[in-house]
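Working notes, structure below.
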Amino acid sequence: MSQKIFADNLILAAKQHTGLKDFGGDTFKAGLDALIYSLNTDLSLPELSAQYFQGIILQLLVNRLEVTRLIKTHPEILEEIIEKPVFIIGLPRSGTTILHTLMALDPCSRFLRNYECSGAILPPPELIPGAIDPRIEATHKAMEGFLGAAPQLRGINGLNFMAYGTAECQNLMAHEFCHLGYSAGSSLFSYGDWLSRTDLEPAYKTHKLLLQILQWKLPNERWVLKAPIHLFGLDHLLATYPDAEIVFTHRAPYDAIQSGISMIYHWTEFTTQQADIEAIVNWWPKLMAGALKKALKVRKKSDATKFYDAKFTDIAKEPCQVVENIYEHSSVRFNKAHGKRMTVWLRDNPRSKFGKHDPTREKYGLDPLVVKELYQFYKP
């Protein structure tokens, strides 16, 4: 029997759980309504899937309430300066994750860890913690649970499945209920379409606020961040972070889209057991073509020196050299310790460690000519 999710019930539950009422504004409600509408109409939710999504939504609402209280108690957090953050953007499956992982190994950089944002945002980590953060073990167990239930996901997203591992910063924007992964991870087509045309300014304001909180007790020289949603919101990203530096990854569209379709199919099977491969093939290429076109249009009007282009083939062949080239372009001194860390990490974490992902084994009915037509504006 299909289950339904109701926003009012979850908002009330969050208030009762925390004893708080102030969500820091109501801009989140548009995204919450869009997400719940998609869950209730695009899918036939079995009980376990409904519980899964209700848990995610409730935690985000609780986080908003607690963050609002924290800012009232410590208004000095709003004085934190997010200086020259680096954002890695590009089509999903174009090398953004491995590049993010390697850049995050810089001892002078600050990155978003999975345990910091996969559940409770607070308390923020401390420079010298007095005790082990309980979120670390909880995140580890949750991710191991995912892999036990769907081991093929490690081959697709293996680098992300670590409590200390790099997380996509759209996990912060999720507090405005703007997160491309919710759409791609469960084939929520109407929600993805809403996300592609919505005003993401409130999501970037929340993004910055949460970075300020996370930086408050655990600072470093600069943030290194990554998420595919930034293709939709590059204009607001640059408005929110005027001194941001952008690393733009590029891959042949057919290969990136083919791999993305495989990812969506397997994740949807895990979260909803309702993967419709034909519908995914009809939806995903168009959605991401629109996102890429929008980002390139913003880029054309922006300061060209803010951008560095990294090709997937180069990332795959010489990832350490690509990272060094990024530093040279940004005029930030490359740290020798960083180079050693990358070499050790790559030695200890070969791609085979995370399982196999071979999207070319099954073509999923993706027509190369359709992709070529959709992406004729793009020269990777």
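The values are calculated or read from the model by the stated rules, or taken from the named source; none is laboratory data. If you're wondering where the values come from, they're calculated on a predicted model, not measured in any experiment. Because the Cβ atoms are built from the backbone with ideal geometry, glycine has one as well, and the counts that use them run over all protein chains shown.
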Checklist entry - Among V86, V62, which is of a type in the set (A, V, I, L, M, F, W, C) and closer than 27 Å to T343 by Cα? => result V86
Checklist outcome for this item: Expected single match for closer than 22 Å to L172 by Cα and surrounded by fewer than 23 Cβ atoms within 10 Å (Cβ to Cβ) among A239, A289, A252 is A239
Next on the checklist: Can you say whether R64 is assigned to a helix (DSSP H, G or I), among the basic types (K, R) and in contact with a helix residue (DSSP H, G or I) (Cβ under 7 Å, 6 or more places away or on another chain), as far as the supplied structure shows?
Outcome noted: yes
Checklist outcome for this item: Taking the stretch 67-99 and keeping only residues that are in a loop (DSSP other than H, G, I, E, B) and touching a strand residue (DSSP E or B) at 6+ places or on another chain (Cβ under 9 Å), one is left with I82, E83, K84, P85, G90, L91, S94, G95
Item to check | Residue tally, condition among the aliphatic types (A, V, I, L, M), surrounded by 17 or more Cβ atoms within 10 Å (Cβ to Cβ) and more than 23 Å from Y52 (Cα to Cα), over the stretch 113-145 | outcome: 0
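Matching residues to (1) surrounded by fewer than 24 Cβ atoms within 10 Å (Cβ to Cβ); (2) assigned to a helix (DSSP H, G or I); (3) free of Cβ contacts under 8 Å to residues at least 60 places away in the same chain; (4) polar (S, T, N, Q):
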| position | (1), (2), (3), (4) |
| --- | --- |
| S186 | no, no, no, yes |
| D199 | yes, no, yes, no |
| P202 | yes, yes, no, no |
| L209 | yes, yes, no, no |
| I213 | yes, yes, no, no |
| P219 | yes, no, no, no |
| W223 | yes, no, no, no |
| D235 | yes, yes, no, no |
Checklist outcome for this item: Residue pairs qualifying under the 6 Å Cβ cut-off, at least six apart or on distinct chains, with the first in the stretch 41-64 being closer than 11 Å to Q3 by Cα and the second being at pLDDT below 95 and crowded, with 21+ Cβ neighbours inside 10 Å, are L43/T272; S49/T272
Checklist entry - What is the number of the single condition among (1) of a type outside the set (A, V, I, L, M, F, W, C); (2) without any contact (Cβ under 8 Å) to a residue 24 or more places away in the chain; (3) touching a strand residue (DSSP E or B) at 6+ places or on another chain (Cβ under 6 Å) that G19 does not meet? => result (3)
Checklist entry - Are any of the residues in the stretch 86-100 more than 23 Å from L238 (Cβ to Cβ) and either surrounded by 22 or more Cβ atoms within 10 Å (Cβ to Cβ) or hydrophobic (A, V, I, L, M, F, W, C) (or both)? => result yes
Checklist entry - Do you know which of the residues in the stretch 1-16 that are in contact (Cβ under 8 Å) with a residue 12 or more places away in the chain and within 10 Å of L61 (Cβ to Cβ) is surrounded by the most Cβ atoms within 10 Å (Cβ to Cβ)? => result A14
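Just checking, which of L122, L147 is in a helix (DSSP H, G or I) and either more than 20 Å from P319 (Cα to Cα) or touching a Gly at 6+ places or on another chain (Cβ under 9 Å) (or both)? Steps first, answer last, please.
On the way: L122 fails: in a helix (DSSP H, G or I).
Every option except L147 fails the conditions.
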Item to check | Boolean, R110 is under 19 Å from Q170 (Cβ atoms) and at pLDDT 95 or above | outcome: yes
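So is R93 among the charged types (D, E, K, R), in contact (Cβ under 8 Å) with a residue 40 or more places away in the chain and under 25 Å from A316 (Cβ atoms) or not?
Yes, satisfied.
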Checklist entry - Among the residues of the stretch 120-135, how many are within 22 Å of the chain's Cα centre (by Cα) and more than 16 Å from Q59 (Cα to Cα)? => result 1
Item to check | Members of the stretch 159-206 found to be over 14 Å from the mean Cα position of the chain (by Cα) and hydroxyl-bearing (S, T, Y), listed by number | outcome: Y164, S186, S187, S190, Y191, S196, T198, T206
